[in-house]
1. For GLU214, GLU44, write out the residues from largest to smallest accessible area, computed with a 1.4 angstrom probe and no ligands counted.
2. Output the peptides 33-40, 205-212, 152-159 sorted from most to least packed, where packing is the average of other Cβ atoms within 10 Å over each peptide's residues.
3. Within the range 115-155, which residues have the backbone N less than 11 Å from the label spot 7 Å out from LEU179 along Cα→beta-carbon, could you tell me?
4. What length, rounded to one decimal in nm, is gained on full extension from GLU135 through to PHE165, with 0.36 nm per residue of separation minus their alpha-carbon distance?
5. For THR145, enumerate residues with amide H under 5 Å from its amide H, sequence gap 5+ or separate chain, H modeled in the peptide plane.
6. Can you give the calculated 222 nm mean residue ellipticity of the chain, where each DSSP H run of n ≥ 4 adds -39,500 (n - 2.57) and the sum is split over every residue, rounded to the nearest 500 deg cm²/dmol?
7. Treating the beta-carbon of each Lys and Arg as +1 and of each Asp and Glu as -1, no other charges, what is the dipole magnitude of the range 192-251 about its Cα centre, to the nearest 20 debye?
8. In the Gaussian network model of the chain, springs joining C-alpha atoms below 10 Å, which of VAL116, VAL45, VAL107 carries the largest mean-square fluctuation?
Amino acid sequence: MHVLLLSDIHANREALESCLSSAPPFDIAVNLGDIVGYGASPNEVIERSRGLGKFFVRGNHDKAATGMMDLKDFNPIAGLAALWTREQLTPDNLQWLRGLPRGPIQVDELPSIQFVHGSPVDEDEYVVTLRDAVEPLLVSSAQVTFFGHTHLQGCFSTNHTVSEFFRPEYKTVGQKEKLEFPLRGGLRYLVNPGSVGQPRDGDWRAAFAVFDSESRIVTFHRIPYNLKRAQERILEANLPQRLATRLAAGR
Ligand SMILES: [Fe+2]
């Protein structure tokens, strides 16, 4: 089975469209949360995401936009964007967003795999460093956990004695690229496909991944998209300028 992994789209429709038109054929799509927040196309991105299937976990920005989460934990810019998003959402999309499940979720055909937003231990936890990854790797019963939230593409692994991390290194800064990462037997993994709509690893290109459950290969992708249009939409919506400029920096 080929699983398309999308995370942290953050209402960036240009980035999402580029990913979908570059993605190889897939059997199911799993969305790891933060569909909205920051970007200027929340309804369009929700509708496109809903059309991709039924596998979702909720992100903290999805909760914030629906009022399910206190905005006091958000920085002022993220808080403003959450309130703006709430005003834009159609009643149907708001209700749909509110009904998204908390991770981990599983898919029947993929028994040893789970999907979360932050970590299997806490949906809002950031797994940024190898140190952050050790506990979730050791306590989770799944062999492979796909996660998002940090907007950093890559993965962590452990064999219970030694833990390692991997970040894809690409050759260019503006071309379409992909990189295969085979998962080895006997190891546990935490894998982040990266952020579609607001990467933070210094690479502005939209990120996603595809997992082949038979060969157990994760293919990481980076795709250029119409950055200028996404920025214009943010400025036209009177969202904070920083939300537009950061997209170009990939931070
Ligand atoms: Fe996010």
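1. Working: GLU214 160, GLU44 80 Å².
Per-residue accessible area, sorted high to low, gives GLU214, GLU44.
2. With the highest mean Cβ count within 10 Å placed first, the list reads 33-40, 205-212, 152-159.
3. Only 153-155 fall inside the zone, counting backbone N under 11 Å.
4. Numbers: separation 30, 0.36 × 30 = 10.80 nm, distance 1.41 nm.
Extra length from GLU135 to PHE165 when fully extended: 9.4 nm.
5. GLN114, TYR189, LEU190, VAL191
6. -8500 deg cm²/dmol
7. On the way: 10 positive and 6 negative charges, 56 e Å.
With only Lys, Arg, Asp and Glu charged at Cβ, the dipole is about 260 debye.
8. VAL107
The values are calculated or read from the model by the stated rules, or taken from the named source; none is laboratory data. These numbers come from a predicted model, not from an experiment. Glycine gets a Cβ as well: all are built from the backbone with ideal geometry, and neighbour counts include every protein chain shown. With ligands, DNA and RNA removed, areas are computed over all heavy atoms of the protein, side chains included. Shrake-Rupley method; radii C 1.70, N 1.55, O 1.52, S 1.80 Å.
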